[in-house]
Each structure stands twice: as C-alpha cells, then as structure tokens.
Amino acid sequence: MRHSSFESVARAQSNLFTYLSESTPVHHAQKFFELIHDTSGLPWWASIIVTTVVVRSLVAFPLALHQNYILAKVQNLQHEMKTISQELGREVSFAVKKFGWSNEQAQLHYKYSLKKQWDKLVVRDNCHPFKASLPIWFQMPMWIFLSISLRNMAYMLPHRDSAAELIFLQLSQGGCLWFPNLIDVDHTLILPVTLGLLNLAIVELQTITRLKEPTKFQRNLTNLIRLLSIAMVPIASSVPTCMSLYWVSSSACGLIQNLLVLSPRIKNLVGIPKVIPLPSVKDSASESSSNDGNVKNQCLTVEQQEYLHYHPYRYIASEIKTRVNDLRTKLGAGT
C-alpha cells in the first residue's frame, strides 16, 4: 500500500509537470526568453538575467509600489478608527445603561458597528487590504511559468525537435565563469547558496522594517518562509544551472525592489502617502486599540517610525549592526 501511494504521488507530480510543460503560459514564457536572446544577441546567461530584470521591472515592481500604497492608506485609517472606536465605546456604554444590554450584546453591537465603520472607510479610500496581496498572486505564477519554460529548454520539452535541440546546444555552451554549461547543475553550489542567502535577506529585511510586533501567525509564517529559503538550496543544486541562475536573478531583483520601495523619494514620486506614525505601546497602554489591534501591537516608537521613513537605509544598517552585536554577545556568553 505504501509503495502504491508513492507511485500515485510520483504519477501526480509527473502529470503536473507535463501539464505545465505543455501549457500556453509556459510556451509564451519560453518564447519571451528566446525573443530576448535573439534580439539582444547576448549569451544565454546574460539573456536569462536581462529577461528576469525586464519582467520584474514591468510586472513585480509596479505591483510592489501599489502594495505599499494600499498598506500606507490602510495604516493611516487606524487613526480614524481609533477615534471612531472610542465614540462607539461611549455609545455602547450608554446603551448598556439605557437598554440593559448584557456584556455579550454590548460586545456584539460594538464589533458589528466597528466593522461597519471600517468597511465604510475602506470603500471611501479604495484601499481594501486584499489588494495588498496582489503581488503574490501575480509573481508566484510568473515565477513558476518562467522556471518551467527554462526546464523545457534544458530537457528539450515538450517536443524534441530541431529547434529544441538547437536551444539545448546553445544552453550547454551559454554559461560563464564557474558555470559554462547551463544544462548541468552548479557543482560548486555557489548559485544555490547565494539563492538561500538572498531569500533570507529578503525575509530579514521585512522583519526589520515591520512597524508592529508580529502576531503568532505572522511569526510562524516568517519561520516557515525561512525554512523554505533554506530548503531551496538543495533544490537549486539539483536543477539545471539555467533555472538556478534565474532564481538567483529573481531573488536579487526582489531584494533590490524591497529596498527601493523604502526610499522616500520613490514614494513621493509615485504618490505613496506618508504613513502617520502610530503611538508606541508605552504611549498608548491606557488607550483603547484600533479595530485590528495595530496600536496595541506597536513595537516601534514614533521616533523610530519617523527615522525609518526618512532614513530607511540608515535605520536598516543600525538594526543589522544591533543584531550582529547581540549575536556576538550570545556567542560570547555561550563559550
């Protein structure tokens, strides 16, 4: 039974790769790689990098800017929600005394009214939080299609004809430096390890620039992404170098993209509103929180938020220095 289950999983995986390999998006992705290569006259290693930069610049970067625009407007709504929640709290307290509501009834009316007011603000500013998740819904399929298209070229799929054999031959001689053959795996493990480090750098950059203390779910999700970043190292070491080169190029673009969207100049250029600092935990401990607890979970002081906005790269450098010093202290204490 166990052998049969392994066979069924392997068969399903094979069918999935076959389906993706023969799909229209993968076909167009492969044609785009070929177009860049044939038009530019660049070797295949450079064509892969250029294609990655073009796609990330035209698709991923605008989506990232839009995501930051939505997130900034959503956070700025917290200040209005704070005032609204206080007013609703007073109204509910009055209704409890006047109509004799129980605590359950009061909480139910309070949450319903607060949700209704939140929805109104979101509609007014056209900043539904779901829109902030658009980058992943576009980037993940794009990453898969481009990866499978390179896999097709490396394995002469889905049809082994003269055109596929020609691309295979070009890829086998289209590398550089320590990876002259893009069909072979990277035996030096330089690209796979670089991929893991870049992905971890993106995760840590996002944790450093987070304005509020993460929830338990967010912490678990961050740790899961860290594990996946490490798991990508052995995966990248077992695929053709053309694929691992694309993955490294994509992650490098992602890291640069995450740094660029922090720039105040770029934010002003594209119209991303300045995030109004929320009061820190110390300043708001005695005040009621907003509808999703952003004030309660705040981890950066107002001064830190201002410094992060106007001098993001200095702030990141100082946080990295602090983490390195903390790590040295722990290692010194451990020895």
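Miscellaneous remarks
- Residues of the stretch 141-163 that turn out to be farther than 22 Å from Val50 by Cβ and not in a loop (DSSP other than H, G, I, E, B), as a count: 2
- Cβ pairs under 7 Å, 6+ apart, first in the stretch 1-30 and at positive phi and open to solvent by less than 90 Å² (accessible area, probe 1.4 Å), second at pLDDT 85 or above and in a helix (DSSP H, G or I): none
- Hey, Leu195 out of contact with any Lys or Arg (no Cβ under 6 Å at 6 or more places or on another chain) and not in a helix (DSSP H, G or I) or not: no
- Checking each residue in the stretch 98-120 for being over 20 Å from Gln78 (Cα atoms) and either at pLDDT 90 or above or among the hydroxyl-bearing types (Ser, Thr, Tyr) (or both) picks out only Ser102.
- From the list Leu200, Leu205, Leu189, the one residue that fits, being under 15 Å from the mean Cα position of the chain (by Cα) and either open to solvent by 40 Å² or more (accessible area, probe 1.4 Å) or farther than 22 Å from Asn68 by Cα (or both), is Leu200.
- Number of positions in the stretch 89-134 that are closer than 30 Å to Phe61 by Cα and part of a helix (DSSP H, G or I): 14
- Only residues that are in contact (Cβ under 8 Å) with a residue 12 or more places away in the chain, open to solvent by 10 Å² or more (accessible area, probe 1.4 Å) and within 30 Å of Asp38 (Cβ to Cβ) were counted across the stretch 58-87, and they come to 3.
- Residue within the stretch 142-159 that is without any contact (Cβ under 8 Å) to a residue 12 or more places away in the chain and more than 15 Å from Gln30 (Cβ to Cβ) present: no
- Ile48 being over 20 Å from the mean Cα position of the chain (by Cα) and open to solvent by less than 40 Å² (accessible area, probe 1.4 Å): yes
- Residues (free of Cβ contacts under 8 Å to residues at least 24 places away in the same chain and aliphatic (A, V, I, L, M)) located in the stretch 88-100: Val92, Ala95, Val96
- Of all residues in the stretch 159-175 being surrounded by 11 or more Cβ atoms within 10 Å (Cβ to Cβ) and modelled with pLDDT under 90, the one that is nearest to the chain's Cα centre (by Cα): Gly175
- When the stretch 249-264 is filtered for residues that are in contact (Cβ under 8 Å) with a residue 12 or more places away in the chain, open to solvent by 20 Å² or more (accessible area, probe 1.4 Å) and hydrophobic (A, V, I, L, M, F, W, C), the ones remaining, listed by number, are Ala252, Cys253, Leu255, Leu259, Leu260, Leu262.
- Any hit, the stretch 142-154, residues being out of contact with any helix residue (DSSP H, G or I) (no Cβ under 9 Å at 6 or more places or on another chain) and either over 28 Å from Val59 (Cα atoms) or open to solvent by 40 Å² or more (accessible area, probe 1.4 Å) (or both): no
- Boolean, Tyr315 is modelled with pLDDT of 80 or more, surrounded by 16 or more Cβ atoms within 10 Å (Cβ to Cβ) and outside any loop (DSSP other than H, G, I, E, B): yes
The values are calculated or read from the model by the stated rules, or taken from the named source; none is laboratory data. Just so you know, these numbers come straight off a predicted model, no measurement behind them. Positions of Cβ are backbone-derived with ideal geometry, glycine not excepted, and every protein chain shown enters the neighbour counts. When the accessible area is computed, the model is the full protein with side chains, heavy atoms only, and any ligands, DNA or RNA have been set aside. Shrake-Rupley method; radii C 1.70, N 1.55, O 1.52, S 1.80 Å.
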